[in-house]
Amino acid sequence: MIPTNRELSRCGACGKPILWTLTEAAARMAVDPKPDERGNQACHRVGPRTWRSRSLDGADALPAAPYEHQYVPHVATCTPPKAKPPAELPPNVVRLDPRRRRRTRLP
Ligand SMILES: [Zn+2]
C-alpha cells in the first residue's frame, strides 16, 4: 500500500515528504513515504488519511501481514540543513558594539 500525495505532510526539519502514522500506543510516528523492505515499521491504511504503524523489532512482533508494507521511520533519514555561519557584514557597514563606550555617569 502506497500513500497518496494528499496523505503526505512535510517534515518541519528537512522539508521532505513524510507520512504520519499512529502507533499501537497511539503515538504519532512519521515514516518515509515510500515502502522499503529495510524499514522496521509495518504500516497500513485504516481509514481516509489514517495510517497505523507497528514495530517489527520486538522479539514477539509478528511478521508483516499481506496488507502491511514496511516503512522506514523518518527520524532515521531526516537530514536537516546545517545552520549557516553568521553572515558577514557588507564592507560599508561598521559594527558598533565593540566601539560603543560605556555610558559615563554624571556626578
Ligand atoms: Zn525530516
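The values are calculated or read from the model by the stated rules, or taken from the named source; none is laboratory data. None of the values given here were measured: they were computed from a predicted structure. Here Cβ is always computed from backbone atoms with ideal geometry, including for glycine, and neighbour counts include all displayed protein chains. With ligands, DNA and RNA removed, areas are computed over all heavy atoms of the protein, side chains included. Shrake-Rupley method; radii C 1.70, N 1.55, O 1.52, S 1.80 Å.
Assorted remarks:
- Residues being open to solvent by 70 Å² or more (accessible area, probe 1.4 Å) and on the phi > 0 side of the Ramachandran plot - total across segment 7-36: 1
- Condition check for ALA26 on (1) free of Cβ contacts under 8 Å to residues at least 12 places away in the same chain; (2) closer than 19 Å to LEU62 by Cα; (3) within 16 Å of the ligand (Cβ to nearest atom): one failure, at (3).
- Residue check: ALA83 meets all listed conditions (1) within 16 Å of the ligand (Cβ to nearest atom); (2) in contact with a Leu (Cβ under 7 Å, 6 or more places away or on another chain); (3) of a type in the set (A, V, I, L, M, F, W, C); (4) not in a strand (DSSP E or B) but one, namely (2).
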